[in-house]
1. Can you compute the modelled spin-label distance between ASP31 and GLN70, with each label point 7 Å from Cα toward Cβ, in nm?
2. For region 25-69, what is the convex hull (Cα atoms) projected area averaged across all directions, in square nanometres?
3. Find out how many positive minus negative residues lie around ARG10, taking Lys and Arg as positive, Asp and Glu as negative, among other residues whose Cβ is under 10 Å from that of ARG10.
4. Tell me, what ³J(HN,Hα) does each residue in region 23-32 have, in order and in whole Hz, if you take phi through Karplus 6.51 cos²θ - 1.76 cosθ + 1.60 with θ = phi - 60° and put x for Gly and Pro?
5. Leaving out ligands and nucleic acids, note down the accessible area per residue over the chain with a 1.4 angstrom probe, in whole Å².
6. For the chain, what does the equivalent ellipsoid look like in terms of its semi-axes, each the square root of 5 times an eigenvalue of the Cα gyration tensor, given largest first in whole Å?
7. Provide the net charge surrounding MET48, with neighbours chosen by a C-beta distance below 13 Å and charges set as Lys +1, Arg +1, Asp -1, Glu -1.
8. Work from the charge dipole of the chain (Cβ charges, +1 for Lys and Arg, -1 for Asp and Glu, about the Cα centre) and give the residue of LEU35, GLN25, ALA13 farthest towards its positive end.
Amino acid sequence: MPRSTKRVGRLHAQNPADAAWRAQQAQVDADIEGLSRDAGIDRFVDDMEASGVAPRQRIERLKAYVRARQAPEAGGS
(Lines give C-alpha, C1' and ligand atoms only; values in the text may rest on other atoms or scores of the structure.)
Protein backbone atom coordinates (compact mmCIF):
# COMPACT_ATOMS: atom_id res chain seq x y z
CA MET A 1 0.00 0.00 0.00
CA PRO A 2 1.51 3.36 -1.03
CA ARG A 3 2.27 5.81 1.71
CA SER A 4 0.50 9.13 1.26
CA THR A 5 1.93 12.41 2.39
CA LYS A 6 -0.23 15.34 3.27
CA ARG A 7 0.80 18.59 1.65
CA VAL A 8 1.01 21.63 3.92
CA GLY A 9 -0.19 24.91 2.42
CA ARG A 10 1.62 28.26 2.64
CA LEU A 11 -0.49 29.37 5.59
CA HIS A 12 0.91 26.57 7.75
CA ALA A 13 4.29 25.70 6.24
CA GLN A 14 7.34 26.21 8.44
CA ASN A 15 9.86 27.14 5.76
CA PRO A 16 11.25 30.70 5.69
CA ALA A 17 9.88 31.57 2.24
CA ASP A 18 6.33 30.82 3.31
CA ALA A 19 6.78 32.67 6.61
CA ALA A 20 8.00 35.72 4.67
CA TRP A 21 4.99 35.44 2.36
CA ARG A 22 2.64 35.35 5.37
CA ALA A 23 4.33 38.43 6.85
CA GLN A 24 3.92 40.28 3.56
CA GLN A 25 0.26 39.28 3.37
CA ALA A 26 -0.27 40.55 6.92
CA GLN A 27 1.10 43.94 5.84
CA VAL A 28 -1.22 43.98 2.84
CA ASP A 29 -4.18 43.09 5.06
CA ALA A 30 -3.25 45.85 7.53
CA ASP A 31 -3.02 48.36 4.67
CA ILE A 32 -6.44 47.32 3.40
CA GLU A 33 -7.88 47.74 6.90
CA GLY A 34 -6.21 51.13 7.27
CA LEU A 35 -4.10 50.09 10.27
CA SER A 36 -1.08 52.23 10.97
CA ARG A 37 2.43 50.84 11.06
CA ASP A 38 4.84 51.20 13.95
CA ALA A 39 8.39 52.06 12.85
CA GLY A 40 9.82 50.93 16.20
CA ILE A 41 8.30 47.48 15.90
CA ASP A 42 9.37 47.23 12.26
CA ARG A 43 12.96 48.07 13.27
CA PHE A 44 12.86 45.60 16.16
CA VAL A 45 11.69 42.79 13.87
CA ASP A 46 14.22 43.71 11.16
CA ASP A 47 17.04 43.68 13.72
CA MET A 48 16.04 40.24 15.00
CA GLU A 49 15.86 38.88 11.47
CA ALA A 50 19.27 40.35 10.60
CA SER A 51 20.72 38.80 13.77
CA GLY A 52 19.40 35.38 12.78
CA VAL A 53 16.97 34.97 15.67
CA ALA A 54 14.84 31.86 15.13
CA PRO A 55 11.21 32.54 14.12
CA ARG A 56 9.70 31.11 17.33
CA GLN A 57 12.05 33.24 19.44
CA ARG A 58 11.17 36.30 17.34
CA ILE A 59 7.50 35.73 18.11
CA GLU A 60 8.14 35.50 21.85
CA ARG A 61 10.45 38.52 21.86
CA LEU A 62 7.97 40.55 19.83
CA LYS A 63 5.16 39.71 22.26
CA ALA A 64 7.32 40.76 25.21
CA TYR A 65 8.41 43.96 23.42
CA VAL A 66 4.84 45.01 22.67
CA ARG A 67 3.65 44.15 26.19
CA ALA A 68 6.47 46.21 27.69
CA ARG A 69 5.62 49.18 25.49
CA GLN A 70 1.94 48.95 26.45
CA ALA A 71 2.54 48.54 30.20
CA PRO A 72 2.67 52.29 31.05
CA GLU A 73 -0.54 52.87 29.09
CA ALA A 74 -2.37 50.17 31.06
CA GLY A 75 -1.27 51.64 34.40
CA GLY A 76 -2.24 55.18 33.49
CA SER A 77 -5.92 54.49 32.86
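The values are calculated or read from the model by the stated rules, or taken from the named source; none is laboratory data. Keep in mind the model is a prediction, meaning the values are calculated, not measured. Positions of Cβ are backbone-derived with ideal geometry, glycine not excepted, and every protein chain shown enters the neighbour counts. These area figures cover heavy atoms from the full protein model, side chains too; ligands, DNA and RNA do not enter into them. Shrake-Rupley method; radii C 1.70, N 1.55, O 1.52, S 1.80 Å.
1. Each label point is offset 7 Å from its Cα along the Cβ direction, giving 2.5 nm.
2. Orientation-averaged projected area of the Cα hull: 3.5 nm².
3. 0
4. 4, 5, 5, 5, 5, 4, 4, 5, 5, 4
5. 88 Å²
6. With the √(5λ) rule applied to the chain, the semi-axes are 31, 16, 13 Å.
7. 0
8. ALA13
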